[in-house]
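**Student:** Quick one: this structure, given as structure tokens, is what I'll be asking you about.
The values are calculated or read from the model by the stated rules, or taken from the named source; none is laboratory data. For clarity, every value in this text was computed on a predicted model and none was experimentally measured. Neighbour counts run over all protein chains shown; Cβ positions are idealised from the backbone, glycine included. Ligands, DNA and RNA are excluded from the accessible area calculation, which covers all protein heavy atoms including side chains. Shrake-Rupley method; radii C 1.70, N 1.55, O 1.52, S 1.80 Å.
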Amino acid sequence: MNSGMVSMRYARALFNYALKNKVEDAVYAEMKTLSESFVKQRNLRATLDNPVLRTKDKFELIKAAGGNTVSQEYIRFIELVLHQKREKHLQTISLGYLDLYRNYKNISVGKLITACPIDQATVDKIKQLVLLKKTGVVDFVTEVDPTIEGGFVLYIDTYRLDASVASQLKRIKNQLLSRNKKVA
């Protein structure tokens with residue numbers, strides 16, 4: 001069966017279960033932590049795929065990856081996933097849950113990358129500009145990346161605005177090279 005279909009079915013089932021029990025916010029926080037754990041600990045997925053590792057150990061590992069204290073719904077869900085031997089889908093299940101939750105709560109995801117740290121007033125102003133185009137709430141994070149050399153890169157959901165100095169220099173370089181080829 002398609003991995004994406006399996007993950008989405010489990011994510012949807014968890015989301016509906018959490019809504020029914022009115023704990024969707026707590027499960028969202030746990031799934032966000034679980035998703036971040038997969039990114040930070042690159043070998044977490046490989047560890048969960050290891051057939052030699054006991055189910056009890058996998059349970060404790062996934063429970064810890066969900067945060068310090070986890071809800072009963074999260075624990076029951078992890079038990080179900082392990083019982084059905086679907087732990088290899090946990091990363092995509094967590095991402096699917098995050099998407100479902102954000103769509104339900106009308107939350108947009110934003111990321112601002114700058115070459116140097118910026119003050120909170122500037123971040124708030126950019127958030128307000130985004131809210132003029134988007135309805136709902138914006139979950140906004142900032143990141144510093146000196147390789148962009150100046151300017152900024154803004155991501156909102158699937159939209160990307162690249163106003164970095166590095167990309168502008170690259171664009172100019174490509175224009176000069178293409179003109180050079182025409183002359184020669």
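**Student:** If a residue must be in contact with a Leu (Cβ under 8 Å, 6 or more places away or on another chain) and of a type outside the set (Phe, Trp, Tyr), how many such residues does segment 131-161 contain?
**Tutor:** Here the count works out to 9.
**Student:** Within segment 168-179, identify whether any single residue is open to solvent by less than 80 Å² (accessible area, probe 1.4 Å), closer than 29 Å to Leu98 by Cβ and not charged (D, E, K, R), and answer yes or no.
**Tutor:** No, that holds for no residue.
**Student:** Filter segment 124-152 down to the residues that are open to solvent by less than 80 Å² (accessible area, probe 1.4 Å) and among the charged types (D, E, K, R) and list them by number.
**Tutor:** Correct list: Asp124, Lys127, Lys134, Asp139, Glu143, Asp145.
**Student:** For segment 40-61, check the following and say yes or no: at least one residue is closer than 30 Å to Val165 by Cα and within 21 Å of the chain's Cα centre (by Cα).
**Tutor:** Checked against the condition, which is being closer than 30 Å to Val165 by Cα and within 21 Å of the chain's Cα centre (by Cα), segment 40-61 yields at least one hit.
**Student:** Here's a check for you: in segment 5-18, which residue that is of a type in the set (A, V, I, L, M, F, W, C) and without any contact (Cβ under 8 Å) to a residue 60 or more places away in the chain is surrounded by the most Cβ atoms within 10 Å (Cβ to Cβ)?
**Tutor:** Ala18
**Student:** So, in segment 45-67, exactly how many residues are of a type outside the set (D, E, K, R) and free of Cβ contacts under 8 Å to residues at least 24 places away in the same chain?
**Tutor:** 9
**Student:** Right, next: When you go through Asp139, Asp99 one by one, which is the residue that is at pLDDT 90 or above and either within 21 Å of Lys22 (Cα to Cα) or of a type in the set (Asp, Glu) (or both)?
**Tutor:** Of Asp139, Asp99, the one residue that is at pLDDT 90 or above and either within 21 Å of Lys22 (Cα to Cα) or of a type in the set (Asp, Glu) (or both) is Asp99.
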